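Working notes, structure below.
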Amino acid sequence: SALSRYFAGSSTSSMIPRMSMSMASLFRSGPGCGGGSGGGCGGSGCGSDSVWKNNNKVMSRFQQVMALHSSVPKKSDILNVHRNTPENTEETPFDFTKENYEKLQKIFKKFPVNYKASALIPALDLAQRQCGGWLPLAAMNKVAKILEMPPMRVYEVATFYTMFNRDKIGKYNIQVCTTTPCMVRGGYEILKACEEFTGTKVGGDSADGLFHLMEVECLGACVNSPMIQINDDFYEDLTPETTKKVLQSFKDGKPLKYGPQNGRHTCVGVQGTTCLKGEPLGPMSPNLDKVETASA
């Protein structure tokens, strides 16, 4: 039957196809059925209500059992597969800029000479930034050549960490946290606001190519939940309205200042400062390179 062919061809264990064949036979030959050849029925009473009621019970139980054993394809499956596109092939030209070669040399100095591979993740990050937020195959191959390591080792890292985007995405990468603290503070309302503003769903790009939308796990700003990350910056203490206001500022080319969007100073509680009342000496994140360290 179609049922047995479907499960026999699925990716479940070898036990499941055998079970499905047995269960499918019950549908071909219910109580009072002669079980004719070719799946046809040669007996009487197959059209009775009792037969169909019994089959419905069997089907319900069958679905319950299969739910425990079968699996469905996950979106994460695409992370391990490369598909050539006109702008992303092995032959696509890529090389670091002079400025980024200088940055690479500074990165290499942080590791022993005989452990150049330790610089893999920062090197890939640098390549992704140069490409505008995504990491083409040619860039990975270039990093492999510079670090003198097999390209496959680079692919393994690039496909493991979700911070690396191996397909071209929008200019502004919106990462919406929906882990528990953000969720109970309205994280999914923030996600819905992002979907409404950008006109796309999670994993998609806006029609104008400005925004890419992601749903992510904890970004470490729970005290300022709900929050989102746009490229490198955190926008915190959000409501659906302030979220759309932030996104509109990016669309207008005049991004609002990152941090809390409700007037709160950093992560000070509703009672205000109760200890450590002096100004922090710094440096503060994000954007450490842009912050002047205050003298002690």
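The values are calculated or read from the model by the stated rules, or taken from the named source; none is laboratory data. What you see is a predicted model, and the numbers here were worked out from it, not measured in a lab. Heads up, the Cβs are rebuilt from the backbone with ideal geometry, glycines too, and the neighbour counts pull from every protein chain shown. Accessible surface areas use protein heavy atoms only, side chains included; no ligands, DNA or RNA. Shrake-Rupley method; radii C 1.70, N 1.55, O 1.52, S 1.80 Å.
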Checklist outcome for this item: Averaged per residue, the 1.4 Å probe accessible area of the stretch 79-140, protein heavy atoms only, in Å², is roughly 64
Item to check | For the stretch 142-296: accessible area per residue (Å², 1.4 Å) | outcome: 60
Checklist entry - What does the highest-first list of 216-222, 84-90, 121-127, 266-272 look like by mean Cβ count within 10 Å? => result 121-127, 216-222, 84-90, 266-272
Next on the checklist: Between Glu90 and Ser249, what's the calculated FRET efficiency when r is the beta-carbon distance and R0 is 35 Å? Round to 0.05.
Outcome noted: 0.35
Checklist entry - Label-point separation (nm) for Leu210 and Asp232, each offset 7 Å from Cα along Cα-to-Cβ? => result 2.2
Next on the checklist: Placing +1 on the Cβ of each Lys and Arg and -1 on the Cβ of each Asp and Glu in the stretch 142-187, which of Val184, Ile146, Gly170 has its Cα farthest towards the positive end of the resulting dipole?
Outcome noted: Gly170
Checklist entry - Of all the accessible heavy-atom surface of the stretch 137-227, with the other protein chains kept in place and a 1.4 Å probe, what percent is carbon and sulfur? => result 55
Checklist entry - Ranked highest first by average number of other Cβ atoms within 10 Å, how do 146-157, 105-116 line up? => result 146-157, 105-116
Next on the checklist: Checking the table Lys171/Lys251; Lys116/Lys142; Lys98/Lys142; Lys110/Lys145; Lys168/Lys201; Lys116/Lys171 against a 21 Å threshold on Cα-Cα, which pairs fail?
Outcome noted: Lys116/Lys171
